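Contents: one structure, followed by commentary.
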Amino acid sequence: MLREFVEKKHYLFAEEAPDWKEAIRMSCRSLEADGTVEANYKEDIIACVEKHGPYIVIMPNVAMPHSQENAVGVNKTAIGFMKLEKPVSFAAGDPEKDAQLFFTLASCNPEQHLNNMMKLSDMLMDENVVKALEKAKTPEDLLKIQEQYLD
């Protein structure tokens, strides 16, 4: 999975984001760059979080931005990865809702999307992988993590 992020250039490493909304916009950049998603998609995700709360923070330090299945502006099924050096807060005063690692989901093929979700879940269940991702700074680091823990 990490190798795929690098091969498709679906990654971004950044120092910080001014707030969670901008973090979501940033997390969509690599998916927008190759036409996986349209520009409206990031705003749809933000609207969902505003409506439903920070449900996209699936565990401390990890967010999975997404909109509903078959969302308008999604052209391919893919996942984009973003790592911020400084976590961003989705709920002031609740560090459990801070996120530094972002796995942005785009889905127009339910079967492929489910497969992506299973691979992502397996990967995030490995504490060593999550800790290594928190330290990653380059696409080469992603490849090393893939080789060390996932191949």
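The values are calculated or read from the model by the stated rules, or taken from the named source; none is laboratory data. Not measured: the values here are computed from a predicted model. Note: ideal-geometry Cβ built from the backbone for every residue, glycine included; neighbour counts use all protein chains shown. All accessible areas refer to the heavy atoms of the entire protein, side chains included, with ligands and DNA or RNA removed. Shrake-Rupley method; radii C 1.70, N 1.55, O 1.52, S 1.80 Å.
Per-residue answers, yes or no, for (1) aromatic (F, W, Y); (2) within 14 Å of the chain's Cα centre (by Cα); (3) crowded, with 19+ Cβ neighbours inside 10 Å; (4) more than 18 Å from T138 (Cβ to Cβ):
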position	(1), (2), (3), (4)
R3	no, no, no, no
Y41	yes, yes, yes, yes
I45	no, yes, yes, yes
V62	no, yes, yes, yes
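Among the residues examined, V88 does not qualify as of a type in the set (V, I, T) and farther than 19 Å from I24 by Cβ. Going by the conditions given, is K83 open to solvent by less than 50 Å² (accessible area, probe 1.4 Å), out of contact with any Lys or Arg (no Cβ under 6 Å at 6 or more places or on another chain) and under 24 Å from V129 (Cα atoms)? Considered against the rule, which asks whether it is open to solvent by less than 50 Å² (accessible area, probe 1.4 Å), out of contact with any Lys or Arg (no Cβ under 6 Å at 6 or more places or on another chain) and under 24 Å from V129 (Cα atoms), K83 comes out as yes. Note down all Cβ pairs under 7 Å where the first residue falls in region 81-105 and is farther than 20 Å from H10 by Cα, the second is hydroxyl-bearing (S, T, Y) and buried (at least 22 other Cβ atoms within 10 Å of the Cβ), and they're at least six residues apart or on different chains. The qualifying pairs do not exist here. Test of understanding: among L124, L84, which residue is among the aliphatic types (A, V, I, L, M) and within 21 Å of E7 (Cβ to Cβ)? Result: L124 is the single residue among L124, L84 that is among the aliphatic types (A, V, I, L, M) and within 21 Å of E7 (Cβ to Cβ). Residue check: D141 meets all listed conditions (1) within 14 Å of V62 (Cα to Cα); (2) charged (D, E, K, R); (3) surrounded by 14 or more Cβ atoms within 10 Å (Cβ to Cβ) but one, namely (1). Each residue in region 14-32 was checked for being among the polar types (S, T, N, Q) and surrounded by fewer than 24 Cβ atoms within 10 Å (Cβ to Cβ), and 1 pass.
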